Amino acid sequence: MPEWPDPLPDDWCWSHGRSEPVDDDTYRVCGECFHAFQTEADLIREHNAELAEMRKRHSGEANAEIPDATSGAEIWTCPHCIHDF
Ligand SMILES: [Zn+2]
């Protein structure tokens with residue numbers, strides 16, 4: 001893992017250890033780890049990937065049957081740090 005700068009830049013993502021520039025077109029930024037979801041599609045893809053991992057870890061359990069999200073409005077937690085938006 002590369003050295004983290006000190007001080008950390010304002011656009012630093014704590015989940016990925018890198019700068020993630022935000023502009024007016026950025027869809028959403030996590031308030032906890034500051035990961036930048038540049039588009040709604042990015043958020044949906046990263047969220048559904050995390051769900052797929054969770055299903056693998058918990059296969060057979062009732063809570064493993066959460067369906068994939070189809071819109072960003074359905075996603076209430078950051079898929080990287082699991083903090084509420
Ligand atoms: Zn986050």
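The values are calculated or read from the model by the stated rules, or taken from the named source; none is laboratory data. Predicted model, so just to flag it, every value in this text is computed and none were measured. Positions of Cβ are backbone-derived with ideal geometry, glycine not excepted, and every protein chain shown enters the neighbour counts. These area figures cover heavy atoms from the full protein model, side chains too; ligands, DNA and RNA do not enter into them. Shrake-Rupley method; radii C 1.70, N 1.55, O 1.52, S 1.80 Å.
When the Karplus curve 6.51 cos²θ - 1.76 cosθ + 1.60 is applied with θ = phi - 60°, which whole-Hz ³J(HN,Hα) does each residue of the stretch 22-37 get, with x for Gly and Pro?
Once θ is set to phi - 60°, the couplings for the stretch 22-37 become 10, 9, 4, 8, 5, 6, 7, 10, 5, x, 9, 9, 6, 5, 9, 8 Hz.
Just to confirm, what accessible area per residue do you get for the chain at 1.4 Å probe, in whole Å²?
68
Tally Lys/Arg at +1 and Asp/Glu at -1 over every other residue whose Cβ is under 11 Å from the Cβ of D11; what's the total?
Working: positive: R18; negative: D10, E20, D23.
Counting the neighbours of D11, the net charge comes to -2.
The stretch 3-81: which chymotrypsin sites (Phe, Trp or Tyr not before Pro) are DSSP loop and have at most 13 other beta-carbon atoms within 10 angstrom? Mind dumping the intermediate values first?
On the way: sites: W12, W14, Y27, F34, F37, W76; in loops: W14, Y27, F34, W76.
Here the chymotrypsin sites (Phe, Trp or Tyr not before Pro) that fit, given the DSSP loop and packing criteria, are W76.
Distance in nm between label sites at E53 and A73, each 7 Å beyond Cα in the beta-carbon direction?
2.8
For the stretch 51-59, what does the Karplus curve 6.51 cos²θ - 1.76 cosθ + 1.60, with θ = phi - 60°, yield as ³J(HN,Hα) per residue in whole Hz, taken in order and with x for Gly and Pro?
With coefficients 6.51, -1.76 and 1.60, one gets 4, 4, 4, 5, 4, 5, 6, 10, 4 Hz.
Residues with amide H under 5 Å of W12's amide H, sequence separation 5 or more or different chain, H placed in the peptide plane at 1.01 Å from N; which?
Those lying under 5 Å, H to H, from W12 are E20.
Can you run the Rg to Rh ratio on the chain? Use alpha carbon positions and the Kirkwood inverse-distance Rh.
Working: Rg = 14.4 Å, Rh = 14.0 Å.
Here the Rg-to-Rh quotient is 1.03.
Could you work out how far apart the two model spin labels at C81 and T39 are, taking each label as a point 7 Å from the Cα in the direction of the beta carbon, and quote it in nm?
2.5
In the chain, if the dipole is taken from +1 on Lys/Arg beta carbons and -1 on Asp/Glu beta carbons about the Cα centre, which of V22, P67, P2 is farthest to the positive end?
Of V22, P67, P2, it is P67.
At 1.4 Å probe size, with the rest of the protein present, what percent of the exposed accessible area of the chain is carbon and sulfur atoms? Don't jump to the answer; show the numbers that get you there.
Values: 3140 of 5820 Å².
Accessible surface attributable to carbon and sulfur in the chain totals 54 percent.
Run the numbers on the stretch 12-74 and let me know its relative contact order in percent, using alpha-carbon pairs under 8 Å that are six or more apart.
Values: 61 pairs, mean separation 15.5, N = 63.
Once normalised by length, the contact order is 25 percent.
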